Amino acid sequence: MINQKAGSVVFQNVRKTFGAFTAIADLSLTIEPGTLVTLLGPSGCGKTTTLRMLAGLEHPSAGKILIGGKDVTMLPANERDVSMVFQSYALFPHMNARDNVAYGLESSGLSRKEAREKAEEGLALVGLAGMGHRLPAELSGGQQQRVAVARALVLEPQVLLLDEPLSNLDARLRRKVRTDIRQLQQRLGFTAVYVTHDQDEALAVSDRIIVMKDGEIAQSGAPRDLYEAPASAFIADFMGEANVIPCEVVGIDGGDAEIRIGSFRHRVPAGAATPGAASLAVRPGAIALSEGRGQGLAGRILHSAYLGDHVEYEVETDVGTLFIVDHAVDRILPVASDTTLGFRSRGIALISA
Ligand SMILES: Nc1ncnc2c1ncn2[C@@H]1O[C@H](COP(=O)(O)OP(=O)(O)OP(=O)(O)O)[C@@H](O)[C@H]1O
Ligand SMILES: [Mg+2]
């Protein structure tokens, strides 16, 4: 019987240097038990380094790491109650799937019989019942990935670590395996720290996303908060595309801010905005286009591309060239024609200038 535990994770002022290079300056975070938290950020921002410190494969230069309330900062990897799914699966090629999963269990002292029984159970959990006799080479990429997840899960760690677990899979399989991992995590209730640089993947699987930039937390929150209320142009652009438009907050009225973009005025939720120069992050789908000149921001169509269920436009305006996604595919606005832009109520956020 696989008995999943769920531990919390705490980083307190963790610092990591490699020689003269500071990869992580001062990182503090808390991960609640039973949640799936994603570390998301561009290449080199410190995601893998953070995960490796949690696994005990690297040690912090300063600060503390707690797992399940216990200080593990200097504990070696094999004395920590975590297991890691590596990007490359790292399955033993000469062992069948069941023995790959059983290997860690036998090393931790289970009899061969018990280890094999539990391995079969682990394989069933990831949808591979009856496939235990196959060698890794006899399994698809997605199936190998699931063997790697089973191998980590049967160890019943307090925290499961996944480093870009889907990067070797094609787009369709990525969607399937990420759903499988998320459903398993919710069903068994374990804590998971999931590293990716793909924002769609992060939005799809996470309870909470921590966006990192240059070894620091740029913003963290629920997927919807990060997408709908980005705190900076970096987050707005990293969490899906956004047009960043300079504007001026001319007044705050209750929860609304009145903004001016050139000669065009508009009201948006104020958030933490203060009067003065600011920027507006506008999703490509949050702009409505109408034909000809009217009330709103004036524009001219520079380019359009038909993509089946939507049309992509580049539109020249006084505040720069904007990228717009329009679902009105039966009416494609001609290049060089005049258009008027209006903002929809969702997908627009004020960010500091
Ligand atoms: N052993 C090491 N020695 C020196 N520098 C290192 C070492 N490991 C990582 N770094 C540096 O630390 C920074 C963070 O690396 P890390 O591997 O954590 O990035 P990452 O966010 O996982 O990136 P990617 O998305 O490309 O995997 C990088 O600038 C990297 O070059
Ligand atoms: Mg990495």
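What per residue convex hull volume, in Å³, do the alpha-carbon atoms of segment 140-211 yield?
Details: hull volume 6.0 nm³, N = 72.
Per-residue hull volume (Cα only) is 83 Å³.
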The rounded separation in angstrom of the Cα centers of segment 75-112 and segment 262-329 is 52 Å
State the answer as a single residue: which of Ala281, Ala257, Asn243 lies farthest towards the positive end of the charge dipole of segment 241-351, with beta carbon charges of +1 for Lys and Arg and -1 for Asp and Glu, about the Cα centre. Ala257
Per-residue HN-Hα couplings for segment 64-77 [Karplus 6.51, -1.76, 1.60; θ = phi - 60°; Hz; x = Gly/Pro]: 10, 10, 10, 10, x, x, 9, 6, 10, 2, 10, 6, x, 3
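What percent do you get for the relative contact order of segment 241-351 when only Cα pairs under 8 Å and 6+ apart count?
In percent, rounded to a whole number, it is 30.
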At a threshold of 8 angstrom on Cα-Cα distance, excluding pairs fewer than six apart, so keeping six or more, what relative contact order does the chain reach in percent? 16 percent
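Around Glu121, under 11 Å between beta carbons, what's the net of Lys plus Arg minus Asp minus Glu among the other residues? Numbers along the way, then the final one.
Numbers: positive: Arg98, Arg116, Lys118; negative: Glu114, Glu117, Glu120.
For residues surrounding Glu121, the net value is 0.
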Under the helix-only model (-39500 (n - 2.57) for each DSSP H run of 4 or more, divided by the residues of the chain), the mean residue ellipticity at 222 nm, to 500 deg cm²/dmol, is -7000 deg cm²/dmol
Please report the relative contact order for segment 249-302, taking Cα pairs under 8 Å with a sequence separation of at least 6, and give it as a percent rounded to a whole number. 28 percent
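Loop-only trypsin sites (Lys or Arg not before Pro) in segment 252-353, please: DSSP not H, G, I, E or B, and at most 16 other Cβ atoms within 10 Å. Write down the numbers at each step before the final one.
On the way: sites: Arg260, Arg265, Arg267, Arg293, Arg300, Arg331, Arg344, Arg346; in loops: Arg293, Arg331, Arg344, Arg346.
For trypsin sites (Lys or Arg not before Pro) across segment 252-353 that sit outside H, G, I, E and B with at most 16 neighbouring Cβ atoms in 10 Å, the list reads Arg293, Arg331, Arg344, Arg346.
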Candidates Leu36, Leu139, Leu307, ranked by Gaussian network fluctuation over the chain, Cα under 10 Å, top entry: Leu307
Cβ-placed point charges (K, R +1; D, E -1), dipole of the chain about Cα centre in debye, nearest 20: 840 debye
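Run through every distinct alpha carbon pair of the chain and return the Kirkwood hydrodynamic radius in angstroms, one decimal place.
Numbers: mean 1/r = 0.0439 Å⁻¹.
Result for the chain stands at 22.8 Å.
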Of Gln185, Gln219, Gln12, which is the most mobile in a GNM of the chain whose springs link Cα atoms less than 10 angstrom apart? Gln12
Among Asp253, Asp71, Asp326, residue whose mean-square fluctuation peaks in a GNM of the chain (springs only between Cα atoms under 10 Å): Asp253
Per-residue HN-Hα couplings for segment 170-187 [Karplus 6.51, -1.76, 1.60; θ = phi - 60°; Hz; x = Gly/Pro]: 7, 3, 5, 5, 4, 5, 5, 5, 5, 5, 4, 5, 5, 5, 4, 4, 6, 5
Per residue convex hull volume, Cα atoms of segment 241-351, in Å³: 92 Å³
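We did not get these values from a lab; they are worked out from the coordinates using the rules stated. In this text the structure is predicted, and so the values were computed from the model without any measurement. Neighbour counts are summed over all protein chains in view; Cβ atoms, including those assigned to glycine, are modelled from backbone coordinates with ideal geometry.
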